[in-house]
Amino acid sequence: MIVLQRELESDADAEANYHGPRRRVLSEYLDTLDRMHLDAFVYPAIQMPPVDETMPQENRLSEGPHSATSWVNMLGVPAVVVVGGFYKSGLPFGLEFSTRPWHDGDLLGIAYAWEQTTHHRRPPVLVEQGLLTDAP
């Protein structure tokens, strides 16, 4: 299957395939904030713990865990990830907050309040051995 790349500005189908769906999803996002009287949404930043970077990964650095939260980028709303807690292994897991377009200051205030209340944020522990010391 061949997929042709198109320029959004000159694509005759841009309204049907991009602008219209994006507007509808953003409208639903904002309507839900209004209907539920919410300042922001909060959800897991990733659905599984990351790989253990100290273990061999087929002689290369891991490409890392992939977030399931890029949808906020497509909507054009601000988002921030904070430490939500820790797995049994001690690795942190993230919570992502997102809110209305152009409400970045409110969002940072929410993230700051979370960090000040939970005290989950702490400096990382650097690895002495493992992949990071063998990286080219």
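Any read-out appearing in this document is the output of simple, stated calculations on the displayed coordinates, not a laboratory observation. Computed from a prediction, not measured in an experiment: that's the story for all the values here. Cβ: placed from backbone, ideal geometry, glycine included. Neighbour counts: every protein chain shown.
Net charge in the neighbourhood of residue 93 (other residues with Cβ under 14 Å of its Cβ; Lys, Arg +1, Asp, Glu -1) is +2. Amide H contacts of residue 94 (H built 1.01 Å from N, in plane; Pro and chain starts excluded): 45, 46, 84 sit under 5 Å, all sequence-distant by 5 or more or on other chains.
Between residue 43 and residue 3, the modelled labels are 2.1 nm apart [label points 7 Å from Cα along Cα→Cβ]. Scalar couplings 3J(HN,Hα) for the range 71-85, obtained by applying the Karplus form with A = 6.51, B = -1.76, C = 1.60 to θ = phi - 60°, are 4, 5, 5, 5, 7, x, 10, x, 8, 9, 10, 10, 6, x, x Hz; x denotes Gly and Pro. Spacing of the modelled spin labels on residue 113 and residue 36, each 7 Å from Cα toward Cβ, amounts to 1.6 nm.
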